[in-house]
Structures are given as C-alpha cells and as structure tokens.
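Enquirer: Input: one structure, supplied below.
The values are calculated or read from the model by the stated rules, or taken from the named source; none is laboratory data. Worth saying up front: this structure is predicted, and the values here are computed from it rather than measured. Cβ: placed from backbone, ideal geometry, glycine included. Neighbour counts: every protein chain shown.
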Amino acid sequence: MLYIVLLTPKCNSKCKYCGGFEDGLMPEKIQYSVEDLRKFVGNSSIAFYGGEPLLETEKMKEIMDHIDAERFILQTNGILLDKLDEEYLNRFSTILVSFDGRKNVHEFYRGNYERVLENAMRIKDFGGELIARMTASLETNIYEDVMHILSLDTFTHVHWQIDAIWSNYTAKEFEKWVENYNAGIRKLVKFWISELVKGKLHKIVPFMGVATAMFEGYQYPPCASGFESFAIATDGRILACPICPDLDWNCLGDIYTGINKKLDLLEPCPKCKYFRFCGGRCLFFNRERLWGEEGFKLVCSTVKNLVDSLLAYREELKNYRERLRYPRFLNTTEIIP
C-alpha cells in the first residue's frame, strides 16, 4: 500500500500549466498529529507530495523519524533539493524531480533549469531511483526532450504525463500536437528497442510499464489511485487521487475513521481491448470528461499509439521480461502518460 502525504498545498514555483490548489481546498499545513498518521498508515510506503513538499521539510523529517514506513518517496520541483540533509536523502527509495527536458522547454514552463539540474546531479548517487518527471505540453517534442534527459546521464528513469484535461487549448491545437506526439513516440520506441537488443536498457517508465502489462496486465490504473494508493490531505481526509480534493467521489474517508467508500472504473474503459495495458489510464480522466467524449477519445488515441508501438516488438520484449518489470513497488508514477 502507498499513502501519498500532502505536506502542503503551497508551492514555490509558478509553472505555466499548473493552477495549483485553490485557496480553501485544504489547510496550508498538516492539522493532524504524526501519531495519528502512524496509526493509520502502519508500515506502508509513504510518498511526500504538495504543492512543494520541501517547503515543509521539518514536518517531513518528523514523519520519517516516527514512522517505520516500508519506503519513503519524494515528488519535488527540485528547487530546494540542496537543502535536504544527506541523512534523510539516503532514506528515500525514489525521488521524482519535475524536469521537462531541453533547457528552452523547461525554462518556458517552469524556470530554474540550471538550479534544478545542478541539484539533481548533486544527489544522483543517493542510491534510489531518481526520476525525471516531465510534463508533456504544446512546446514539448517528446522524442527530443526525452533524448535530452537521457543524454544528461543524471536520472535513473524518465517519466512523463501529458498536459491535458485542464489546459485551455483549442481542439485544433491539441489535435496537431497529438499527431506530432504520436509520431515522436513511435520514433522513441524504435530507438529504445534498438538499444535494448544491443544490451542497453534506457529506463523509460511508460515503455517499461506497458511492456510489463503485456505479460501481466492491469486491472485498474497503474498508479493504483483509489485501489492500492491513497492520498492524505493536510486536514486528514483520505483521497483516491491527490489532484482533486474538492470532488465528492474522490473523498473516501479520513485517517480517524478509515476508508469507507470503494470506487469502480466507469465505461468504456473496462470493456476496451487496451484496458489490460493501461488500466483505464487515470482515475480522474476516467471519471471527469472535462473535454467531452471527443476529447476523451483524442487522449485515448495517445495511449493506443503507445501500446501499439510497443506491441509491434512483443517477441523482442519477451526476451527481456524480467529486466523490464516496472514498477517493482508503487512510487507515484502513473506509468501511462
């Protein structure tokens, strides 16, 4: 089990594609005691999340000192990573750093490219997974930006999520971007396979996750939100997914009384032939059709393209099944972009 602990909704960055949490959705600091948290989570894995969790480093340390979690995970924008004590750094199994690829793309959306990269390079030998977590948006060239990250020889893994659903694109803009994105995915898969058969595994999370699903399959979104992964808001509410604390269906209980609601995935996902590969992609996306059915189908086309591009190499991938298995433990990666 994975519990995603939101340390604060506050953030020290103003990324162009992120609206952040609206005021009033949850308190700025944790309201419950660490002892109450310990009683609820037991020795499950804990991922620190925000906002920017390193704005609440002291609370994070307190939790790490008092809860014997199976694993600790951190998702951060990387700006404050240099402030993290080595003692605590070395206790993380996975650190995900928001990093969008080429300098001009990262600077356009996030800023602080040099600082974040320097901080990532400083900790790259901490002993766990160091994941570059990209947001793929209109300025992203998925092939060029992933290749840039691989060339840095800093991150152990690359992952990305498509910037869809909330953004105010025109349908024409997004359709054109999806066309280019899908072509970039096919090109990237060819590169990845050619390297793999030569003995070099580039740890590209969506590719490894889909390759794993070829032989094992998913029964729900691979991030496991609402099934084996739950978020804890600063007021103690239990959320299926950390990104939408204001939605009634997403609130499943609290740390005092436990989880009192079970979620199911909505159609058409469970009956789709791609379901075993994507598990419905995303719980929020499955339930909130903010772009209507046409927008839903357009985003799904990126998943189908990803799966089909990898299925074309099923026989080759079969030889690397164990080496490709991912994730070996829940670490907040959604797997499917």
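Enquirer: So the check is Cβ under 6 Å with 6+ separation or different chains; which pairs have a first residue in the range 320-337 that's farther than 14 Å from residue 228 by Cβ and touching a residue at least 12 places away in the same chain (Cβ under 8 Å) and a second one that's among the hydroxyl-bearing types (Ser, Thr, Tyr) and not in a loop (DSSP other than H, G, I, E, B)?
Expert: Close Cβ pairs (under 6 Å, with a partner that is among the hydroxyl-bearing types (Ser, Thr, Tyr) and not in a loop (DSSP other than H, G, I, E, B)) amount to 325/212; 326/212.
Enquirer: Further question: Can you tell me how many residues within the range 145-174 are touching a residue at least 24 places away in the same chain (Cβ under 8 Å) and charged (D, E, K, R)?
Expert: Counting residues in the range 145-174 that are touching a residue at least 24 places away in the same chain (Cβ under 8 Å) and charged (D, E, K, R) gives 3.
Enquirer: Which of the residues that make up the range 140-172 are small (Gly, Ala, Ser) and at pLDDT 95 or above?
Expert: The answer is 151, and nothing else.
Enquirer: Residues 197, 189: which one is aliphatic (A, V, I, L, M), touching a Phe, Trp or Tyr at 6+ places or on another chain (Cβ under 7 Å) and over 19 Å from residue 48 (Cα atoms)?
Expert: Among 197, 189, only 189 is aliphatic (A, V, I, L, M), touching a Phe, Trp or Tyr at 6+ places or on another chain (Cβ under 7 Å) and over 19 Å from residue 48 (Cα atoms).
Conditions (1) surrounded by fewer than 22 Cβ atoms within 10 Å (Cβ to Cβ); (2) more than 14 Å from residue 158 (Cβ to Cβ), marked per residue:
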| position | (1), (2) |
| --- | --- |
| 75 | no, yes |
| 79 | yes, yes |
| 85 | yes, yes |
| 90 | yes, yes |
| 100 | no, no |
| 112 | yes, yes |
| 115 | yes, yes |
| 119 | yes, yes |
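Enquirer: Filter the range 1-52 down to the residues that are charged (D, E, K, R) and more than 23 Å from residue 227 (Cα to Cα) and list them by number.
Expert: 10, 14, 16, 22, 23, 28, 29, 35, 52
Enquirer: So which residues in the range 42-69 are touching a residue at least 40 places away in the same chain (Cβ under 8 Å), part of a helix (DSSP H, G or I) and among the β-branched types (Val, Ile, Thr), if there are any at all?
Expert: 63 - this is the single residue of the range 42-69 that is touching a residue at least 40 places away in the same chain (Cβ under 8 Å), part of a helix (DSSP H, G or I) and among the β-branched types (Val, Ile, Thr).
Enquirer: Continuing with this model, one more query. Could you pull out the residue among 75, 31 that is in contact (Cβ under 8 Å) with a residue 60 or more places away in the chain, outside any helix (DSSP H, G or I), among the polar types (S, T, N, Q) and closer than 24 Å to residue 334 by Cα?
Expert: Testing whether each residue is in contact (Cβ under 8 Å) with a residue 60 or more places away in the chain, outside any helix (DSSP H, G or I), among the polar types (S, T, N, Q) and closer than 24 Å to residue 334 by Cα leaves just 75.
Enquirer: Can I ask one more? Scan the range 178-209 for residues that are of a type in the set (Val, Ile, Thr), assigned to a helix (DSSP H, G or I) and over 22 Å from residue 94 (Cα atoms) and jot them down.
Expert: Those that are of a type in the set (Val, Ile, Thr), assigned to a helix (DSSP H, G or I) and over 22 Å from residue 94 (Cα atoms): 178, 185, 189, 193.
Enquirer: Still on this structure, I have one more. Just checking, does the range 263-275 include any residue being within 16 Å of the chain's Cα centre (by Cα), over 30 Å from residue 59 (Cβ atoms) and of a type in the set (Lys, Arg)?
Expert: no
Enquirer: Look at residue 212 and say whether it is assigned to a helix (DSSP H, G or I) and of a type in the set (Ser, Thr, Tyr).
Expert: Against the criterion (assigned to a helix (DSSP H, G or I) and of a type in the set (Ser, Thr, Tyr)), residue 212 qualifies.
Enquirer: Kindly indicate the residue of the range 208-237 that is closer than 30 Å to residue 27 by Cα and among the aliphatic types (A, V, I, L, M) and also surrounded by the fewest Cβ atoms within 10 Å (Cβ to Cβ) among those meeting that condition.
Expert: Per the criteria, the residue is 224.
Enquirer: When residues of the range 186-207 are filtered for being at positive phi and hydrophobic (A, V, I, L, M, F, W, C), how many remain?
Expert: 0
Enquirer: Take the residues in the range 192-207 that are in contact (Cβ under 8 Å) with a residue 40 or more places away in the chain and surrounded by fewer than 16 Cβ atoms within 10 Å (Cβ to Cβ), then tell me which one is nearest to residue 333 (Cα to Cα).
Expert: Filtering the range 192-207 for residues that are in contact (Cβ under 8 Å) with a residue 40 or more places away in the chain and surrounded by fewer than 16 Cβ atoms within 10 Å (Cβ to Cβ), the one nearest to residue 333 (Cα to Cα) comes out as 201.
Enquirer: Given the criteria surrounded by 15 or more Cβ atoms within 10 Å (Cβ to Cβ) and closer than 30 Å to residue 48 by Cβ, does residue 260 qualify?
Expert: no
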